[in-house]
Structures are given as C-alpha cells and as structure tokens.
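One structure below.
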Amino acid sequence: MIKKIILFSLVISQFVTSCSGSDDVSDNETQLINKENLLKKEFPVCTTLEKTENRGETSKGHAVFKNNNNWVTGQTIRIRFVGGSVELQNKIKEYASEWTSAANLNFVYVGTNDESDAAIFFQTGSNYTFGKSINFGQLSNPNATDEIIRGITLHEFGHLLGLQHENQSPAANIQWNKPVVYDYYQNVIGWNRDLVDSQIFNALPTTSYNTYTPYDDSSVMTYSFPASFTTNGFSIPFISALSITDKMFIAKMFPFPVKSKLYPGDRVTTTSRLTSPNGNYTLYIRSGKLVLYSNTEFRDLGHVTPNIKFSNVTSSNVYLEVRGNIILLYKGNVSKTIGPNIPVGNLQYINLNDSGNIEAVANGVVVFSINLKTDL
C-alpha cells in the first residue's frame, strides 16, 4: 500500500467564549488565550491525516516514529527551496540543523532546479508536510518572529524525518473536554465530529506505529491548547525547541556509530558521544554538563557540571577528555578532574559499560569506575 501524509492547518489557541463549557473559563485564562490568539491564528500548527490511497481509508498519525520512513541512517538529504527570501531560508537552515545535531543525518541545500530528495515551498496558506515536501505558508508573514519560525521549522522537519504528533501517541492520556473541543473545531475550523475524532482524540493502534516514547508534553511535535480543552486543566503552550526526549528519540531512530571507548586525543562533546555496547546508556555533553542518559527510560540518570566560572566561553566548549593519568572535564581551557588520578602510568582509555558506569582502563585493567548516578 502507498501511504501519504497529508497535513492540514490547525488553529488551536483561540477559544470561542460562546461555546459550551465557556462559563468555566476564568478571566485570566481568557486573557491568556486572547494574548496568544494572533500568534496561533496566523501561525497554526499543522495536523496530520494519513490516507491509504488505493482504499480511500483515513487514519490519524501520532507523535511517534513512522514505520515506513523514507530515510536511512547516515543519509545526506538533499533539500531545495522553491521561493522564500534568502534571510528566511537561512533561518530555516539554522533551526532545522538542530535535528541533525541529534540524529545521524545530514541536510544539504541544493539549487531550486537541482535534483533533490525533499523540497520546501512557501505557498500562501497553511504549514504542512506532504510526503517529502514541506510548505511554510505562514513564515513569510512579517509578524513571524524568530520563535515562531523556529518552532514551525522544527515541527515540520520532524514530520519530514518521520515523526508524528505527540498528543496522538498511544502513550498520551489527555483528558479532553470533548464538548468544548468539538464545538471549537466545528465553529472555528469547520471540522465535523469524525474529523475531530481522527485528528484529536483517536490514537492509532500500535500495530501500525509501534515505536514511541512515554508521552512528552514538551515535545516540539505536540499541539498547544488552552486548559479549557481538558477536564483537568491540563494545557500546553506554544513550543519552539526540541525537548530532551525529541533529541534522544531521533538519535535512537538514526543512531551515530556506537562508540563505547574514549581514547586519548578524542573527546566526548554534544555530538560525539559514548554509548554502552548494549545501547542502554549514552554519555554526552548537554547544556554545559556531562550527562548520563538512559535510552530505555528516556531520562537523565545523573550529571556533573564543571563548576568553572569564566567569560567568553559557551557551553559548546565543554568536553570530556582523557589526558595522562586523569579524566578531565573541560570548559574552555580550564578543566576539572573526574575521578581519582592513577598512581602509575597513563590511562589507555575510558569505557562506558553495559551498566552505565565509566571505567578507566590502564594496562588492560580497570583501575577505577565512576557511576554518575551515585558517585558524582
């Protein structure tokens, strides 16, 4: 079967005060919704329908990985722009690169008439992704701030890479206030109940999409909506950055070569990581910290910060290195020792083992072991 992803515009932040249940909306919430109204009405987040072309059946996608994804690990994806100013194109390139910092993929931008793997259009209308094409219908709007451009770029490129909407994940358990949501979409967007069900409420069976994380309400792939849309007051603001889970999940789908050992002269950085041989743990730099991350629980297990104050050095200058008989966590050209010094000789390498421990090896023998969960 040939499947295509069809994305329609979603306007979610404006609440119609005359709809059912509106009497329960506080003045503060109404002000918040109105404050975001211009942003979301002009720059709606997309929504996804998946259609089986030869049968005419429709089902919704969810915020997980698309099983029949187009890309392979390590691929260089050639992308061409069709329209858009050079300034806007450069911003899209910058923000989209956040995905390739986490995933073993590369984006290369070619000329408008060159052969490409994906294309980006700027036709007036909605933001959507259809197969291997993205349309940024609102990003040429003069009211589009960098935050808006970044959030929409990350969201649509997430779809291009095979990710679906987080709020429709099998793991999501959002307590929707269905009468309010039905009324909103029918009156404001023009959707019937079946379309609201397929786009908002129904989760696709795991038989079709079986790779997903626990629900992540900070994912760039989730919808934003006000508290009045749920029965328990749960709400999600506009999101313009990849969450930790977004990054680790896409890294798991498109993994870098597994490297569990760090030798002298090499470094652990934001993109050069150590992964345990069983794939359960990753050691890398994030936000200026050395982080041990669980790839099975999708959460941090421990971290250590250099705790070094200096100027003119960003967190990207933080790295871990083996030097002589010690392990050093550098921030710029200043370092902090991790673990003890070995009394004789030099370290051959450090190893991230299958238990998530950092082992220091000299002369083929583990001379000490560090557990970021308990030791630092």
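The values are calculated or read from the model by the stated rules, or taken from the named source; none is laboratory data. Owing to the predicted nature of the structure, the values given are computational and were not obtained by experimental measurement. Here the Cβ positions follow ideal geometry from the backbone for every residue, glycine too, while neighbour counts run over all protein chains shown. Protein only, heavy atoms only, side chains kept; ligands, DNA and RNA dropped before computing areas. Shrake-Rupley method; radii C 1.70, N 1.55, O 1.52, S 1.80 Å.
Only residues that are touching a strand residue (DSSP E or B) at 6+ places or on another chain (Cβ under 8 Å) and either in a loop (DSSP other than H, G, I, E, B) or touching a residue at least 60 places away in the same chain (Cβ under 8 Å) (or both) were counted in segment 114-150, giving 17.
For residue 108, the stated conditions hold: it is surrounded by fewer than 16 Cβ atoms within 10 Å (Cβ to Cβ) and assigned to a strand (DSSP E or B). Can you tell me which residue is nearest to residue 77 (Cα to Cα) among those in segment 123-157 that are within 16 Å of the chain's Cα centre (by Cα) and not aliphatic (A, V, I, L, M)? Once the filter is applied, the top-ranked residue is 157. Would you check if there is a residue in segment 177-191 being surrounded by fewer than 17 Cβ atoms within 10 Å (Cβ to Cβ) and touching a Lys or Arg at 6+ places or on another chain (Cβ under 8 Å)? Checked segment 177-191: at least one residue is surrounded by fewer than 17 Cβ atoms within 10 Å (Cβ to Cβ) and touching a Lys or Arg at 6+ places or on another chain (Cβ under 8 Å).
Condition first: closer than 30 Å to residue 89 by Cβ, modelled with pLDDT of 90 or more, out of contact with any Asp or Glu (no Cβ under 7 Å at 6 or more places or on another chain) and part of a loop (DSSP other than H, G, I, E, B). Can you find one or more residues in segment 220-230 that meet it? Looking through segment 220-230, none of the residues is closer than 30 Å to residue 89 by Cβ, modelled with pLDDT of 90 or more, out of contact with any Asp or Glu (no Cβ under 7 Å at 6 or more places or on another chain) and part of a loop (DSSP other than H, G, I, E, B).
At least 2 residues being open to solvent by 70 Å² or more (accessible area, probe 1.4 Å) and either closer than 18 Å to residue 338 by Cα or modelled with pLDDT under 90 (or both) is the threshold, and among the strands (runs of 3 or more DSSP E) wholly inside segment 232-318 those reaching it are 299-304. Of all residues in segment 199-219 being buried (at least 21 other Cβ atoms within 10 Å of the Cβ) and modelled with pLDDT of 80 or more, which is nearest to the chain's Cα centre (by Cα)? In this case the residue turns out to be 219. Inside segment 158-182, residues that are aliphatic (A, V, I, L, M), in a helix (DSSP H, G or I) and more than 30 Å from residue 78 (Cβ to Cβ) make up a count of 2. Only residues that are within 19 Å of residue 88 (Cα to Cα) and basic (Lys, Arg) were counted across segment 133-183, and they come to 1. Take the conditions of a type in the set (A, V, I, L, M, F, W, C), buried (at least 18 other Cβ atoms within 10 Å of the Cβ) and either within 37 Å of the chain's Cα centre (by Cα) or more than 19 Å from residue 269 (Cα to Cα) (or both) and apply them to residue 326. Does it pass? So residue 326 does not fit the description; no. Checked against the criterion of being closer than 20 Å to residue 221 by Cβ, open to solvent by 20 Å² or more (accessible area, probe 1.4 Å) and either modelled with pLDDT of 90 or more or in contact with a Pro (Cβ under 7 Å, 6 or more places away or on another chain) (or both), the candidates 118, 171 yield just one match: 171. In segment 98-107, what residues are closer than 13 Å to residue 71 by Cβ and not hydroxyl-bearing (Ser, Thr, Tyr)? Within segment 98-107, 99, 103, 104, 105, 106, 107 qualify.
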